[in-house]
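Participant: The structure that follows is given in the form of structure tokens.
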Amino acid sequence: MFILLFLIISPHLVYSCDEVTKNKIDFLEALINDSIEKSKDYKVRTDNSNFFVNTNDSAIPIEYGTFDFIVVGAGSSGSVVSSRLSEVEKWDILLLEAGDLNDDLTEIPYLYELLQLSERNWGYFTTPQKNGCFGRKNRQCPYHRGKVVGGSGSINGLGFTRGNRGDYDKWASLGNLGWSYDDLLPYFKKMENFESDNIDLRYRGFGGPLNVAYKEPKQDISDIVYCALKRGKRYTEDYNAKDQLGISRYQRNIRCGKRESGATAYVRPSMTRHNFNLTLEAFVTKIVIDQTTKTANGVEFMKNGKKYKASSRREVIISGGAVNSPQLLMLSGIGPADELRKHNIPIIQELPVGQYLKDHPAFRIEYRSNQTVPKQSFRQLLEKFVQGKGMLTNLENTLTYTFVNTKNTSTVPDLECIFIASNPVPIKIPSLTNYIPEVENYYKNVNQQTDYSIVVLLLHPQSVGSLKLKSKDPRDFPLIDVGIFSAPEDLEMFYKATKFFELFEELKYPQRMNFTMLTFDFCNEFKKNSKEYWYCAIQNISYSAYHISSTVKMGQRQDPHAVVDNRLKVYGIEKLRVADCSIMPTTISGHTNAACFVIGERAADWIKLDYGIPILF
């Protein structure tokens with residue numbers, strides 16, 4: 001039963017957004033303009049040399065100290081693990097983060113693309129793809145990863161989707177005890193504070209550290225819902241509650257209009273604890289492992305051009321994400337034997353690290369409407385932002401998520417459709433795209449005042465990629481092969497989804513708007529709307545949705561792709577765990593950031609239980 005919450009006395013629910021002052025508006029305007037100018041000359045990172053300066057690789061590391069637990073990476077999972085472990089006062093926690101601390105710039109949701117052209121982004125690209133990314137130079141899609149406290153959650157699109165009950169029940173059915181939906185639901189509820197008038201308390205939480213909210217003021221989505229209903233889809237009040245299928249208003253990690261991340265929800269509140277030690281701009285290059293006992297005893301890292309060693313009394317927890325975690329494991333001698341031998345890395349433990357990369361391919365279509373939305377002045381938008389409202393509190397102008405099972409055979413969706421309305425902001429935000437000229441021109445024709453977009457994500461693709469080392473030198477970026485459309489059925493699935501686009505164009509809005517799809521001039525050699533035309537379009541403008549997972553897969557020992565067990569312990573190595581989205585056994589039905597937080601919560605409790613600390617909800 002839904003409960004209408006008129007008032008709940010909770011310090012987590014009563015917020016006071018910033019007072020609007022001329023000085024604050026002046027500060028934010030100058031900050032944004034300066035950052036845009038800097039981004040124009042920014043040279044995208046090509047390797048990790050900046051951490052090393054003139055350091056000799058054979059230099060003896062400087063002792064950094066001994067801690068009970070060392071957590072590598074302050075992304076969504078690592079933020080949670082380090083914060084929750086520091087709740088035990090007798091434990092000393094060291095959190096190592098390669099980037100810097102979040103700030104006023106990272107808190108403005110609309111600027112997420114600007115952050116990709118900065119030191120807050122690792123600067124990765126995929127390897128040249130055989131079956132997709134044709135619209136990118138050298139067939140290489142950018143692969144944004146956050147290099148900042150909060151990780152990718154500090155530079156992403158803020159969408160909060162838990163996934164489907166069936167996703168997590170499948171994890172458990174594969175032998176991962178403790179990871180079913182019913183096992184994880186208490187953690188989803190514990191971690192969140194959901195701001196809504198309609199909260200189903202059986203499924204949603206309030207009073208937790210991570211805020212989830214809608215854009216304010218709420219825009220009218222009745223016409224979009226009408227179109228969905230006409231196509232046989234239903235309206236779902238809350239896709240993160242009992243039922244996921246249907247069209248729903250978009251939920252985001254946001255608090256008073258500002259970005260909410262692991263940095264704001266977990267790390268910053270923990271920094272007042274005497275046992276919580278955060279070291280920034282620290283690039284971990286090696287897990288220190290006793291080769292005789294196969295026990296992790298600490299890590300080596302670079303900071304300010306110097307090499308350090310930190311030791312652990314109890315455990316090392318790797319939370320670098322699905323790119324950096326497998327890279328670090330392999331650099332440390334844990335990985336596929338052939339891969340390690342190729343790079344002359346001594347083998348400590350042979351495991352299939354990086355061999356099972358999964359991601360969600362995405363495909364975006366642009367529409368021209370017959371209405372023009374007037375632009376507001378930038379200062380007006382900033383004033384509304386400080387009040388927690390308006391366009392700058394949103395990623396573009398995303399309105400709804402629709403989850404669809406195309407076969408109508410399951411409550412687990414196979415497609416996600418995102419509806420993005422016109423976006424009349426009077427500033428141009430640079431972005432890292434790598435488009436070839438023909439595709440660049442397609443997007444240059446998009447008019448922010450008139451045009452709408454639909455993005456479709458394939459939630460459970462058959463394609464599998466890999467993550468490998470370029471060399472044994474940690475300066476070198478890893479090789480990210482997302483394997484987009486390596487399974488032909490994924491491309492065919494996207495082609496079938498294009499019928500959804502055509503129907504949307506034919507149906508129109510009931511009263512106010514008409515839409516015309518922008519044509520793909522770079523596919524003009526094919527008949528419009530033919531299969532060849534759509535295959536051309538899909539292979540040119542599809543991209544990986546930056547939902548990389550499964551490169552350090554959780555599973556039973558006999559699973560040929562498993563690297564960690566259900567308690568996230570690395571097989572064959574003592575006192576070493578991995579806790580981030582790299583451990584996901586399968587893709588989930590939605591964006592991965594919410595799952596990263598719940599993985600962190602679940603991991604912290606596994607660790608506490610292993611050391612006799614009772615779990616409290």
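The values are calculated or read from the model by the stated rules, or taken from the named source; none is laboratory data. Quantities reported herein were computed from a predicted structural model and do not represent experimental measurements. A quick note on method: Cβ atoms are made from the backbone with ideal geometry, for glycine too, and the neighbour counts reach across all protein chains shown.
Participant: Quick one: would you say L329 is outside any strand (DSSP E or B), of a type in the set (A, V, I, L, M) and either surrounded by fewer than 18 Cβ atoms within 10 Å (Cβ to Cβ) or modelled with pLDDT of 95 or more (or both)? Can you show your working first?
Facilitator: Numbers: outside any strand (DSSP E or B): yes; of a type in the set (A, V, I, L, M): yes; either surrounded by fewer than 18 Cβ atoms within 10 Å (Cβ to Cβ) or modelled with pLDDT of 95 or more (or both): yes.
For L329, the condition - outside any strand (DSSP E or B), of a type in the set (A, V, I, L, M) and either surrounded by fewer than 18 Cβ atoms within 10 Å (Cβ to Cβ) or modelled with pLDDT of 95 or more (or both) - is met.
Participant: Run down L467, L432 and say which single residue is assigned to a loop (DSSP other than H, G, I, E, B) and under 25 Å from T46 (Cα atoms).
Facilitator: Numbers: L467 fails: assigned to a loop (DSSP other than H, G, I, E, B).
One residue alone meets the criteria, L432.
Participant: Looking only at residues in region 261-286 that are among the hydroxyl-bearing types (S, T, Y) and farther than 16 Å from V72 by Cβ, which one is surrounded by the fewest Cβ atoms within 10 Å (Cβ to Cβ)?
Facilitator: Here is the first cut: in region 261-286, the ones among the hydroxyl-bearing types (S, T, Y) are 261, 264, 266, 270, 272, 279, 285.
The next check asks that each one be farther than 16 Å from V72 by Cβ; those that pass are 261, 264, 270, 272.
Values: S261: 33, T264: 24, S270: 21, T272: 7.
Among those that are among the hydroxyl-bearing types (S, T, Y) and farther than 16 Å from V72 by Cβ, it is T272.
Participant: Which of the residues that make up region 127-183 are polar (S, T, N, Q) and touching a Phe, Trp or Tyr at 6+ places or on another chain (Cβ under 6 Å)? Before you say what the answer is, go through the steps one by one.
Facilitator: Taking region 127-183 and keeping what is polar (S, T, N, Q), we get 127, 129, 131, 138, 140, 152, 154, 156, 161, 164, 173, 176, 180.
Selection gives N131, Q140, S180.
Participant: A further question follows. Say we look at region 496-548 and pick out the residues that are hydroxyl-bearing (S, T, Y) and either more than 29 Å from the chain's Cα centre (by Cα) or over 23 Å from E438 (Cβ atoms) (or both); which of these is modelled with the lowest pLDDT?
Facilitator: Y509
Participant: From the list T406, T400, pick out the single residue that is of a type outside the set (A, V, I, L, M), assigned to a loop (DSSP other than H, G, I, E, B) and either in contact (Cβ under 8 Å) with a residue 40 or more places away in the chain or crowded, with 17+ Cβ neighbours inside 10 Å (or both). Full working, then the answer.
Facilitator: Details: T400 fails: assigned to a loop (DSSP other than H, G, I, E, B).
Sole residue among the options that is of a type outside the set (A, V, I, L, M), assigned to a loop (DSSP other than H, G, I, E, B) and either in contact (Cβ under 8 Å) with a residue 40 or more places away in the chain or crowded, with 17+ Cβ neighbours inside 10 Å (or both): T406.
Participant: I'd like to check something: does region 139-151 contain any residue that is touching a strand residue (DSSP E or B) at 6+ places or on another chain (Cβ under 9 Å), among the hydrophobic types (A, V, I, L, M, F, W, C) and surrounded by fewer than 23 Cβ atoms within 10 Å (Cβ to Cβ)?
Facilitator: Going residue by residue through region 139-151, those that are touching a strand residue (DSSP E or B) at 6+ places or on another chain (Cβ under 9 Å) are 139-150.
Okay, now just the ones that are also among the hydrophobic types (A, V, I, L, M, F, W, C), so 141, 148-149.
Add one more test, that the residue is surrounded by fewer than 23 Cβ atoms within 10 Å (Cβ to Cβ), and what stays is none.
Within region 139-151, not a single residue is touching a strand residue (DSSP E or B) at 6+ places or on another chain (Cβ under 9 Å), among the hydrophobic types (A, V, I, L, M, F, W, C) and surrounded by fewer than 23 Cβ atoms within 10 Å (Cβ to Cβ).
Participant: May I pose another question? Given the criteria modelled with pLDDT under 90 and either closer than 16 Å to F188 by Cβ or more than 25 Å from the chain's Cα centre (by Cα) (or both), does P217 qualify?
Facilitator: Working: modelled with pLDDT under 90: yes; either closer than 16 Å to F188 by Cβ or more than 25 Å from the chain's Cα centre (by Cα) (or both): yes.
Yes; evaluated as a whole, the condition is true for this residue.
Participant: Of the numbered conditions (1) of a type outside the set (A, V, I, L, M, F, W, C); (2) part of a loop (DSSP other than H, G, I, E, B); (3) farther than 26 Å from R268 by Cβ, T106 satisfies every one except a single condition; which is it?
Facilitator: Just one mismatch for T106, condition (3).
Participant: Which one of the conditions (1) in contact with a Ser or Thr (Cβ under 9 Å, 6 or more places away or on another chain); (2) part of a helix (DSSP H, G or I); (3) not hydroxyl-bearing (S, T, Y) does D338 fail to meet, given that it meets all the rest?
Facilitator: It is condition (1) that D338 fails.
Participant: Follow-up. Among E416, E383, E438, E366, which is among the charged types (D, E, K, R), outside any loop (DSSP other than H, G, I, E, B), under 20 Å from N593 (Cβ atoms) and modelled with pLDDT of 90 or more? Full working, then the answer.
Facilitator: Details: E383 fails: under 20 Å from N593 (Cβ atoms); E438 fails: under 20 Å from N593 (Cβ atoms); E366 fails: under 20 Å from N593 (Cβ atoms).
Only one candidate qualifies: E416.
Participant: May I ask you to list the residues in region 214-247 that are in a strand (DSSP E or B) and surrounded by fewer than 24 Cβ atoms within 10 Å (Cβ to Cβ)? Break it down into steps so the answer makes sense when it comes.
Facilitator: Going residue by residue through region 214-247, those that are in a strand (DSSP E or B) are 235, 246-247.
The answer is Y235, G246.
Participant: Go through region 253-304 and count every residue that is part of a loop (DSSP other than H, G, I, E, B) and of a type outside the set (G, A, S).
Facilitator: Here is the first cut: in region 253-304, the ones part of a loop (DSSP other than H, G, I, E, B) are 253, 256-257, 260-261, 271-275, 280-282, 291-294, 304.
From what is left, the residues that are of a type outside the set (G, A, S) are 253, 256, 260, 271-275, 280-281, 291-294, 304.
Result for region 253-304: 15.
Participant: Among the listed residues R577, R567, which satisfies the condition of being buried (at least 24 other Cβ atoms within 10 Å of the Cβ), of a type in the set (D, E, K, R) and not in a helix (DSSP H, G or I)?
Facilitator: Numbers: R567 fails: buried (at least 24 other Cβ atoms within 10 Å of the Cβ).
None of the others qualify; the one that does is R577.
Participant: May I ask you to list the residues in region 306-318 that are in contact with a Leu (Cβ under 9 Å, 6 or more places away or on another chain) and within 15 Å of R577 (Cβ to Cβ)? Give the steps one after another, and end with the answer.
Facilitator: First, the residues of region 306-318 that are in contact with a Leu (Cβ under 9 Å, 6 or more places away or on another chain): 310, 312, 315-318.
Within region 306-318, S312, E315, V316, I317, I318 qualify.
Participant: Going by the conditions given, is S261 closer than 17 Å to G150 by Cα and in contact (Cβ under 8 Å) with a residue 40 or more places away in the chain? Step through it out loud before you land on a result.
Facilitator: Working: closer than 17 Å to G150 by Cα: yes; in contact (Cβ under 8 Å) with a residue 40 or more places away in the chain: yes.
Yes.
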